[in-house]
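A.B. asks: My questions will all concern the structure given below.
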Amino acid sequence: MREKNDIEKMGLYGSVKSIKIKKYNVIIKFGKITKGRIDSSFSSINSYIIFNTKGYRIEHGFYNNWDNDLDEIYKYKYNKKGYLIKVNTYKSDGTFYEKFKFKYEEKGNTVYRSMYITDGSLKDKTLYKYDDKGNQIERNKYKSDGSLDIKQIRKYNNKGLPVEEYYYNSDGSIDDKYYNKFNDFGFIIETDVFDSDGNLNKKHKFKYDDKRNKIEVIHLNTDGSFNDMYRYEYEYDKNDNWIKQIEYRNDIPKQLIERTIEYY
């Protein structure tokens, strides 16, 4: 089965050429929700992405969360088969910052990803393993000295969806275990998170609209009682891509995201 391109992975429709994302704080004026200042929190996602005609990103820029100036630019390079082989990162003034390299197996699955810092030295590397169906079953991230940093193991159902995920610390001890449930479209609808002792730590439930966008996330306590809820409202363009999202936490509007989408 053909792997999804970046546009499809982002849930976008049509021949998207670029997308610009701006996240704002919310202001209530005369009972209506309006956008306030650009969000400057660490979780801000202010950025832009440029795609090629095959739907893969060729440039991704991130804006500084404090003054909204362009901060970093990622440039993507592909081989003749269309596989991503290199990502170079630059500061806004064009200064080289970091570099990522990728290697693939015959089936086209990524088996090796390495990251290098400004002086060309290795920062970390990640090795991947797959089953005979092409599902990623193991991910091992190593530090520059070769020592293990993080191990992740996945188990899949007969539809190729990751129903179990295990995260291990560098000493081999279990960190977290995730158990996932999916709907008929392959979207996750429930996640149970267990700690290293096997105790339920978190429970999350998800709902989607008819355009497959997330409209509700409920966080439950370990006893199943309600903790909090995030709800999302959208406005769409003519291609059914959302261009405005309002996030509510426990029915209080918290943030507004605008997306400017350009098409080929």
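Readers should treat all values here as calculations from the given coordinates under stated rules, not as data from a laboratory. The structure displayed is predicted, hence computed values, not measured ones. When we count neighbours, we look across all protein chains shown, and the Cβ atoms used for this are built from the backbone with ideal geometry, even at glycine.
A.B. asks: Based on the Cβ-Cβ distance of Asn221 and Lys80, what FRET efficiency does E = 1/(1 + (r/R0)^6) give at R0 = 41 Å, to the nearest 0.05?
C.D. replies: Values: r = 52 Å, r/R0 = 1.28.
It comes to 0.20.
A.B. asks: What shape does segment 150-235 take by its C-alpha gyration tensor, where a ≥ b ≥ c are the square roots of the eigenvalues and a/c under 1.5 counts as rounded, a/b above b/c as prolate, and the rest as oblate? Write out the running numbers ahead of the final one.
C.D. replies: Working: a/c = 2.45, a/b = 1.45, b/c = 1.69.
Here segment 150-235 falls in the oblate category.
A.B. asks: Further question on the same structure: Based on alpha-carbon centroids, what's the gap between segment 19-60 and segment 232-264 in Å, whole number please?
C.D. replies: After rounding, the separation between the Cα centres reads 9 Å.
A.B. asks: Given the rule -39500 (n - 2.57) for each run of at least 4 DSSP H residues, summed and divided by the residues of the chain, what is its mean residue ellipticity at 222 nm, to the nearest 500 deg cm²/dmol? Kindly include the intermediate steps, with their values, before the conclusion.
C.D. replies: Working: 1 runs with 4 residues, N = 264.
That calculation yields 0 deg cm²/dmol at 222 nm.
A.B. asks: If the limit is 25 Å between Cα atoms, which of Lys107/Lys202; Lys103/Lys123; Lys75/Lys125 go over it?
C.D. replies: Working: Lys107/Lys202 36 Å; Lys103/Lys123 17 Å; Lys75/Lys125 19 Å.
With Cα atoms farther than 25 Å apart: Lys107/Lys202.
A.B. asks: Follow-up question, since we're still on this one. Return the long-range amide H neighbours of Lys254 (sequence gap of 5 or more, or a different chain), with a cut-off of under 5 Å between placed amide H atoms.
C.D. replies: Under 5 Å from the amide H of Lys254 lie the amide H atoms of Glu247, Tyr248, Arg249, each far enough along the sequence or on another chain.
A.B. asks: Let me ask something else. Comparing Glu247, Glu105, Glu216, which has the greatest mean-square fluctuation in the GNM of the chain with Cα pairs linked when under 10 Å apart?
C.D. replies: Of Glu247, Glu105, Glu216, the Gaussian network model singles out Glu105 as fluctuating most.
A.B. asks: Given a Förster radius of 41 Å and the C-beta distance between Asp69 and Glu190 as r, what FRET efficiency does 1/(1 + (r/R0)^6) yield to the nearest 0.05?
C.D. replies: Values: r = 41 Å, r/R0 = 0.99.
That gives a FRET efficiency of 0.50.
A.B. asks: Moving on to the next point. Just subtract the alpha-carbon distance of Ile45 and Glu106 from 0.36 nm times their residue separation and send over the number in nm, one decimal. Walk me through the numbers before you get to the answer.
C.D. replies: Values: separation 61, 0.36 × 61 = 21.96 nm, distance 3.49 nm.
Length gained between Ile45 and Glu106: 18.5 nm.
A.B. asks: By its C-alpha gyration tensor, with a ≥ b ≥ c as the square roots of the eigenvalues, how is segment 84-123 shaped: rounded for a/c under 1.5, else prolate for a/b larger than b/c, else oblate?
C.D. replies: Values: a/c = 5.19, a/b = 2.16, b/c = 2.40.
Cα axes put segment 84-123 in the oblate bin.
A.B. asks: Applying 1/(1 + (r/R0)^6) with R0 = 45 Å to the Cβ-Cβ distance of Asp175 and Ile38, what FRET efficiency is obtained, to the nearest 0.05?
C.D. replies: After rounding to 0.05, the efficiency reads 0.85.
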